[in-house]
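> One structure coming up, written as structure tokens, with questions to follow.
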Amino acid sequence: MDTQLKEELSRQGIFTTTLEELYNWGRRSSVWPLTFGLACCAIEMIATTMARYDLARFGAEVFRPSPRQADLMIVAGTVTKKMAPQVVRLYNQMPEPKYVIAMGACAISGGPFKQGYNVLKGIDRYIPVDVHIPGCPPRPEALMDAFITLQKKIDAQSLTGPDRPRYLDVEQPSEFPVPAYGAHDLVPAKNIKLWNIISKNIPTGPTAAGDDGSGKD
Amino acid sequence: MHSPFVEIYRPIAILMIVALGFAVAPLITAWLWAKKFSIKKPGPVKNATYECGLDSKEDAVLPFRPEYYLYAIVFLIFDVEAIFLLPFAVSFAGLSLGASIVMLIFLLLLVEGLIWTWRKGVLVWV
């Protein structure tokens, strides 16, 4: 429908909508998160759901204890390499459509533990993240901002065409490979289909004798 | 059709039907939507048994001993007995002979049950 006509009608007191808008409205107004906290960010996530901040205002009050009933995974906290396979498996077990908010510095990049041998440097190496929130930990307002950002993202999705959401695309996978514990690191260290950023700072080739960049991720 | 009974209960019947439809319609719509439109993407991890994200060790359906169940039933019976015994004890002096005999039969039945469960070995926790 023409946007101008729609505005004109709404000024006259006639509300018009499309099936797509109605569908997206339904999707974004009942995003149920998974009861899932990894570290201190989870405390802020819990605070967000409680009376003072009240995430329920946005339709996300029902934290589901099972991935089968959840739509949103809030990766709240440090993802250790011990925990990463479980996080990916939980994400895989969620039904479509599913969304991910990476909450806090650790979940988006490893945060203060980035140099640690045992911490994953961002969960987006294994699962597609919809919204990243920086902060250590982010305040409840930041989480709500991320949630509203996700709602706007859902609202803007068209259900057909090339830029339709992942879950409506037959080609797009619903499951992502679960990493396994290797001798030194998780194997694979990243999902190349998701994380294909080429590091320009690390020199490659025979001239870089000291550091060939292999151990970095 | 014009009996007063039908006249009185017609609104309630309509209300019931509407309420039932209100509850069932979304479920049917969701089911039809899942059958007709939604894209199915099953997978080995997605369909696996949910064990808090860990690899599931065994099947979710596994046999377990029914001892606890028997124990619970025996407990329930004697729990009810205790509830009956208290008023019996309180009003014991004022009871008629018939009431006392009835109560004693009740107790006897339960004591018999206790002996039976004892001999069956239910009370022994393995």
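The values are calculated or read from the model by the stated rules, or taken from the named source; none is laboratory data. Predicted model, so just to flag it, every value in this text is computed and none were measured. Backbone-built Cβ (ideal geometry, glycine too); neighbour counts: all protein chains shown.
> Just one of A:PRO112, A:PRO67, A:PRO128 is under 22 Å from A:TYR167 (Cα atoms) and surrounded by fewer than 22 Cβ atoms within 10 Å (Cβ to Cβ); which is it? Outline the logic, then answer.
Numbers: A:PRO112 fails: under 22 Å from A:TYR167 (Cα atoms); A:PRO67 fails: surrounded by fewer than 22 Cβ atoms within 10 Å (Cβ to Cβ).
It is A:PRO128.
> In the set B:ILE39, B:ILE77, which member is in contact (Cβ under 8 Å) with a residue 12 or more places away in the chain and in contact with a helix residue (DSSP H, G or I) (Cβ under 7 Å, 6 or more places away or on another chain)?
None of the others qualify; the one that does is B:ILE77.
> Another question about this same structure. Go through the residues of segment A:73-82 one by one and say whether even a single one is under 20 Å from A:PRO138 (Cα atoms), of a type outside the set (Ser, Thr, Tyr), within 14 Å of chain B (Cβ to nearest Cβ) and assigned to a strand (DSSP E or B).
yes
Residues checked against (1) modelled with pLDDT of 90 or more; (2) surrounded by 11 or more Cβ atoms within 10 Å (Cβ to Cβ):
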position: B:GLU67; (1), (2): no, yes
position: B:ILE73; (1), (2): no, yes
position: B:LEU76; (1), (2): no, no
position: B:VAL80; (1), (2): no, yes
position: B:PHE84; (1), (2): no, yes
position: B:GLY94; (1), (2): no, no
position: B:GLY98; (1), (2): yes, no
position: B:ILE101; (1), (2): yes, yes
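> A follow-up question, please. Restricting to segment A:51-72, give me the number of residues that are part of a helix (DSSP H, G or I) and within 11 Å of A:LEU34 (Cβ to Cβ).
Summing the residues that are part of a helix (DSSP H, G or I) and within 11 Å of A:LEU34 (Cβ to Cβ) in segment A:51-72 gives 3.
> Out of (1) modelled with pLDDT of 90 or more; (2) touching a Ser or Thr at 6+ places or on another chain (Cβ under 8 Å), the odd one out for A:ALA142 is which?
(2)
> Still on this structure, please answer the following. I need the full set of residues from segment A:169-194 which are hydrophobic (A, V, I, L, M, F, W, C) and either buried (at least 17 other Cβ atoms within 10 Å of the Cβ) or in a loop (DSSP other than H, G, I, E, B) (or both), in order please. Can you show your working first?
So in segment A:169-194, the residues hydrophobic (A, V, I, L, M, F, W, C) come out as A:170, A:176, A:178, A:180, A:183, A:186-187, A:189, A:192, A:194.
Of everything in segment A:169-194, those that are hydrophobic (A, V, I, L, M, F, W, C) and either buried (at least 17 other Cβ atoms within 10 Å of the Cβ) or in a loop (DSSP other than H, G, I, E, B) (or both) turn out to be A:VAL170, A:PHE176, A:VAL178, A:ALA183, A:LEU186, A:ALA189, A:ILE192, A:LEU194.
> Next question, about the same structure. Quick check on segment B:14-27. Is at least one of its residues closer than 27 Å to A:LEU19 by Cα, within 14 Å of chain A (Cβ to nearest Cβ) and either free of Cβ contacts under 8 Å to residues at least 12 places away in the same chain or more than 26 Å from the chain's Cα centre (by Cα) (or both)?
yes
> Which one of the conditions (1) at pLDDT 90 or above; (2) in a loop (DSSP other than H, G, I, E, B); (3) not charged (D, E, K, R) does A:PHE15 fail to meet, given that it meets all the rest?
Status for A:PHE15: all satisfied but (1).
> Find the residue count for segment B:54-99, including only residues that are of a type in the set (A, V, I, L, M, F, W, C), more than 30 Å from A:PRO179 (Cα to Cα) and not in a helix (DSSP H, G or I).
Looking only at segment B:54-99, we keep the residues that are of a type in the set (A, V, I, L, M, F, W, C), and these are B:54, B:60-62, B:64, B:70, B:72-78, B:80, B:82-86, B:88-90, B:92-93, B:95, B:97, B:99.
After this cut, where a residue has to be more than 30 Å from A:PRO179 (Cα to Cα) as well, the list is B:64, B:70, B:72-78, B:80, B:82-86, B:88-90, B:92-93, B:95, B:97, B:99.
Next, only the ones that are not in a helix (DSSP H, G or I) stay: B:64, B:92-93, B:95.
Qualifying residue count, segment B:54-99: 4.
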